[in-house]
Amino acid sequence: MVASGGGAGGGPSRWPAAEELDIVRKKVAEISGRDEQEVRVAACPYRICPLGAHIDHQGGVVTAMTINYGVLLGFVPSNGSEVLLQSGQFEGVIRFRVDDLQKPIDKPENINWESYARGAVYALQNSGYDLRKGIIGYISGVKGLDSSGLSSSAAVGIAYLLALEHVNDLVISPVDNIQLDKYIENKYLGLKNGILDPSAILLSRYGYLTFMDCKTASPSYVCFSELSKSQQPQGQLPFKILLAFSGLQHNLPKKSGYNTRVFECKEAARALLHASGCEDTPNILCNVDPAVYEAQKCVLEENLSRRAEHYFSEMKRVTKGGDAWARGNLQELGQLITASGRSSILNYECGSKEMIQLYEILLKAPGVLGARFSGAGFRGCCLAIVESQRAEDAAAYVRAEYENAQPELVSRIPADRRVLVCEPGDSARVLLPDPHLRS
């Protein structure tokens, strides 16, 4: 395959598999009447964040990597400005034109799978890009992985952006595409998402841990220990990623008080900045010097104290995690990830009963080095890093234990999606057919 768009790749190709690409290309060929060799595929992986829980909205530094699962959008250019789309997960056909004036979604409950395609057109139109060609396409994600804290919505938005840019010969950098995806989420859909998800999807590199400074919007990378990697077959990384799904899919942030926690972080920042004579500084915790926090934290009320403690301790874990990753010390990295999960529960006070239960089960699984929630902790899944040779045993243990604990929830999850063994992935990109495969 030939890759274009997104960041540079470097490791063994793990996703998408040839069989997945064949399915998508055949679907597009059926819909469009074109030859399969004309079909391009936008491959946009899901992401995980090993460290940096709940601190992105406070301008903190978060870590991210992609996994070998994600969204595939097969497409060909339409003959004119028409967009025609079908989905592997949703019924119906989407039809509209790229020269239609797109209007923002007025209510969140009106968001559906069509919204992201229209949102991509809206973002490009309103950012000054000339769209003349539409696409005929087929999009497919992984059943059961939406609403799981893996940034599936950002992967969908980016897939549409890459496809529209490709057929319209637009050369747009990954950094600019991050802002375009944010435009979809903020301006078109009316959501308050930041840049973490699109940054992870567009900038990740195999074998590296991506660090995103959410205050400056600047990424940096730490390469995994070359010594440790060289001891593995074909230079592979010596660990796997477990994703264990809770069966909770509905959106809970407002009911759970998650928005209240964001407000409490700002209130903690306000109190600390006021105590240090910096009343005019914006009230986010990244503007509070750690030394000021240590000196002034006694002024905080109990709830605010816990939120601030989570932020500052998590920033320390991010720094230590980068060092552990660079040295290939997975034991230390795992301990930091587990401590992050524990602080989410005790200091940030998030996580449903079921998600906390799943987190505790993961920590007891054979070969698991560390675990935490993926996302806010009220729905979706937990993640863990696990020794490669014990990954399947760990997955089997978690499946059995969580089914015993929550049989009704587990019955909602497809049997082959209850616990996934994943590998680190690469960045989003457009895949072109291999010319040597022409018949």
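The values are calculated or read from the model by the stated rules, or taken from the named source; none is laboratory data. Fair warning: this is a prediction, and the values are worked out from it, not measured in the lab. Don't worry about glycine lacking a Cβ; one is built from the backbone with ideal geometry, like all the others, and counts go over all protein chains shown. Accessible surface areas use protein heavy atoms only, side chains included; no ligands, DNA or RNA. Shrake-Rupley method; radii C 1.70, N 1.55, O 1.52, S 1.80 Å.
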query: From Arg40, Arg14, which residue is at pLDDT below 95 and either of a type outside the set (Gly, Ala, Ser) or more than 26 Å from Asp197 (Cβ to Cβ) (or both)?
result: Arg14
- prompt: Of the residues that make up segment 148-166, is at least one in contact (Cβ under 8 Å) with a residue 40 or more places away in the chain, surrounded by fewer than 19 Cβ atoms within 10 Å (Cβ to Cβ), out of contact with any Pro (no Cβ under 6 Å at 6 or more places or on another chain) and not in a strand (DSSP E or B)?
  reply: no
message: Being touching a residue at least 60 places away in the same chain (Cβ under 8 Å) and under 26 Å from the mean Cα position of the chain (by Cα) narrows it down to one residue among Arg307, Arg261; which is it?
response: Arg261
field: Test result for Ala326, assigned to a helix (DSSP H, G or I), of a type in the set (A, V, I, L, M) and either under 25 Å from Ile241 (Cβ atoms) or open to solvent by 50 Å² or more (accessible area, probe 1.4 Å) (or both)
entry: yes
- prompt: Mind checking which residues of segment 104-128 are modelled with pLDDT of 90 or more and surrounded by fewer than 17 Cβ atoms within 10 Å (Cβ to Cβ)?
  reply: Pro104, Gln125, Asn126, Ser127, Gly128
- prompt: Is there any pair with a first residue in segment 132-144 that is on the phi > 0 side of the Ramachandran plot and a second that is modelled with pLDDT under 95 and part of a strand (DSSP E or B) whose Cβ atoms are under 9 Å apart and which are 6 or more apart or on different chains, and what are they?
  reply: Gly144/Phe245
task: Select from segment 296-311 the residues that are in contact with an Asp or Glu (Cβ under 9 Å, 6 or more places away or on another chain), open to solvent by 20 Å² or more (accessible area, probe 1.4 Å) and part of a helix (DSSP H, G or I) and list them in ascending order.
output: Lys297, Asn303, Leu304, Arg306
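I'd like the full set of residues that are aromatic (Phe, Trp, Tyr) and farther than 16 Å from Leu383 by Cβ, limited to segment 299-355. Outline the logic, then answer.
If we filter segment 299-355 for residues that are aromatic (Phe, Trp, Tyr), which is where we start, we get 311-312, 325, 348.
Matches in segment 299-355: Tyr311, Phe312, Tyr348.
If only one of Ala64, Ala42, Ala53 is open to solvent by less than 10 Å² (accessible area, probe 1.4 Å), within 29 Å of Arg261 (Cβ to Cβ) and in contact with a His (Cβ under 9 Å, 6 or more places away or on another chain), which one is it?
Values: Ala64 fails: in contact with a His (Cβ under 9 Å, 6 or more places away or on another chain); Ala42 fails: within 29 Å of Arg261 (Cβ to Cβ).
That would be Ala53, the only listed residue that is open to solvent by less than 10 Å² (accessible area, probe 1.4 Å), within 29 Å of Arg261 (Cβ to Cβ) and in contact with a His (Cβ under 9 Å, 6 or more places away or on another chain).
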message: Scan segment 373-381 and tell me whether some residue there is modelled with pLDDT of 95 or more and not assigned by the TED database to the domain that holds Phe211.
response: no
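Residues checked against (1) of a type in the set (Phe, Trp, Tyr); (2) within 30 Å of Arg307 (Cβ to Cβ):
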| site | (1), (2) |
| --- | --- |
| Ala339 | no, yes |
| Leu346 | no, yes |
| Glu360 | no, yes |
| Cys382 | no, yes |
| Tyr397 | yes, no |
| Cys422 | no, no |
- prompt: Can Gly341 be described as closer than 30 Å to Val410 by Cβ and touching a strand residue (DSSP E or B) at 6+ places or on another chain (Cβ under 6 Å)?
  reply: yes
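Going by what's in this entry, would Glu314 be described as surrounded by 20 or more Cβ atoms within 10 Å (Cβ to Cβ) and either out of contact with any His (no Cβ under 7 Å at 6 or more places or on another chain) or in contact (Cβ under 8 Å) with a residue 40 or more places away in the chain (or both)? Talk me through it step by step, then tell me what you get.
Working: surrounded by 20 or more Cβ atoms within 10 Å (Cβ to Cβ): yes; either out of contact with any His (no Cβ under 7 Å at 6 or more places or on another chain) or in contact (Cβ under 8 Å) with a residue 40 or more places away in the chain (or both): yes.
The answer is yes for Glu314.
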- request: May I ask you to list pairs of residues, at least six apart or on different chains, whose Cβ atoms are under 8 Å apart, with the first in segment 170-184 being in the same structural domain as Ser153 (by the TED database) and the second being open to solvent by 40 Å² or more (accessible area, probe 1.4 Å) and part of a helix (DSSP H, G or I)?
  value: Tyr183/Asn126
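Table: residues versus (1) modelled with pLDDT of 90 or more; (2) in contact with a strand residue (DSSP E or B) (Cβ under 6 Å, 6 or more places away or on another chain).
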residue	(1), (2)
Lys187	yes, no
Pro198	yes, no
Leu202	yes, no
Leu209	yes, yes
Cys214	no, no
Ala217	no, no
Tyr221	yes, yes
Ser228	no, no
- prompt: List pairs: first in segment 273-287 and touching a residue at least 40 places away in the same chain (Cβ under 8 Å), second open to solvent by 40 Å² or more (accessible area, probe 1.4 Å) and in a loop (DSSP other than H, G, I, E, B), Cβ under 7 Å, 6+ apart or cross-chain?
  reply: Cys286/Lys215; Asn287/Thr281
message: Being buried (at least 20 other Cβ atoms within 10 Å of the Cβ), farther than 15 Å from Thr63 by Cβ and free of Cβ contacts under 8 Å to residues at least 60 places away in the same chain is true for just one of Gly334, Gly367. Which residue is that?
response: Gly367
query: What number goes with the only condition from (1) modelled with pLDDT of 95 or more; (2) surrounded by fewer than 23 Cβ atoms within 10 Å (Cβ to Cβ); (3) under 27 Å from Cys381 (Cβ atoms); (4) among the hydrophobic types (A, V, I, L, M, F, W, C) that Val24 does not pass?
result: (2)
Segment 402-431 residues that are under 18 Å from Cys49 (Cα atoms) and among the acidic types (Asp, Glu), paired with ones that are part of a strand (DSSP E or B) and open to solvent by 20 Å² or more (accessible area, probe 1.4 Å) (beta carbon under 6 Å, 6 or more apart): Glu423/Asn68
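Condition first: among the aromatic types (Phe, Trp, Tyr) and surrounded by fewer than 22 Cβ atoms within 10 Å (Cβ to Cβ). Now tell me which residues in segment 70-99 satisfy that. Steps first, answer last, please.
First, pick out the residues of segment 70-99 that are among the aromatic types (Phe, Trp, Tyr): 75, 90, 96.
Matches in segment 70-99: Phe90, Phe96.
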